[in-house]
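Undergrad: Dropping the structure in here first, questions after.
The values are calculated or read from the model by the stated rules, or taken from the named source; none is laboratory data. In this text, all values refer to a predicted model and were calculated from it rather than measured experimentally. Neighbour counts are summed over all protein chains in view; Cβ atoms, including those assigned to glycine, are modelled from backbone coordinates with ideal geometry.
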Amino acid sequence: MNTLALDCPSIDGTGISVTAPPGWRQNYTYHCGLEYRAGSAAASGGTIRDIATIIAYSVEDCIESCFGLNIASFASEFALKCSAVFFSIDLEASVTASTGNCVLKNDTLAAGTSAASNAFGVTATLDAGF
């Protein structure tokens, strides 16, 4: 198996801040070994949906894609928002199974809902929206 780099578990619970001109900023928190699967109960009601699946070579690139979608959605008044990502280090298996290893999610988990365990990845959740 060919895998990408991921500094888990040392990044677990830590955050990353993503910025872009002219002052756009979002903060994300890493959750190592967890995956918010489509169909799980969502924090805002309803269920978690996969917005898009892409290829990313780092978890930071995956988060940047989520951030970029949020900027585009805000700027054009679309209702679509990326609230979390799942990044798998197993690029080959992920691409074979679902065309990518970075999955943009519409929401985070509802309180009391457990995430799926996935030793090959990390979920990053948006701490605060626009």
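Residue-by-condition table, conditions (1) over 17 Å from Val103 (Cβ atoms); (2) crowded, with 17+ Cβ neighbours inside 10 Å; (3) in contact (Cβ under 8 Å) with a residue 60 or more places away in the chain:
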{"residue": "Tyr30", "(1), (2), (3)": "no, yes, yes"}
{"residue": "Ala42", "(1), (2), (3)": "no, yes, yes"}
{"residue": "Ala52", "(1), (2), (3)": "no, no, no"}
{"residue": "Asp61", "(1), (2), (3)": "no, no, no"}
{"residue": "Cys66", "(1), (2), (3)": "no, yes, yes"}
{"residue": "Ala72", "(1), (2), (3)": "yes, no, no"}
{"residue": "Ala75", "(1), (2), (3)": "yes, no, no"}
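Undergrad: What number of residues within the stretch 35-53 satisfy the criterion of being under 11 Å from the mean Cα position of the chain (by Cα) and assigned to a strand (DSSP E or B)?
TA: Result for the stretch 35-53: 5.
Undergrad: Yes or no: Ala79 at pLDDT below 95, in contact with a strand residue (DSSP E or B) (Cβ under 8 Å, 6 or more places away or on another chain), surrounded by fewer than 15 Cβ atoms within 10 Å (Cβ to Cβ) and farther than 30 Å from Asn2 by Cα? Let's see the steps before the verdict.
TA: Numbers: at pLDDT below 95: yes; in contact with a strand residue (DSSP E or B) (Cβ under 8 Å, 6 or more places away or on another chain): no; surrounded by fewer than 15 Cβ atoms within 10 Å (Cβ to Cβ): yes; farther than 30 Å from Asn2 by Cα: yes.
Against the criterion (at pLDDT below 95, in contact with a strand residue (DSSP E or B) (Cβ under 8 Å, 6 or more places away or on another chain), surrounded by fewer than 15 Cβ atoms within 10 Å (Cβ to Cβ) and farther than 30 Å from Asn2 by Cα), Ala79 does not qualify.
Undergrad: Against the definition (of a type in the set (D, E, K, R) and within 26 Å of Ala75 (Cβ to Cβ)), how does Asp7 come out, yes or no?
TA: no
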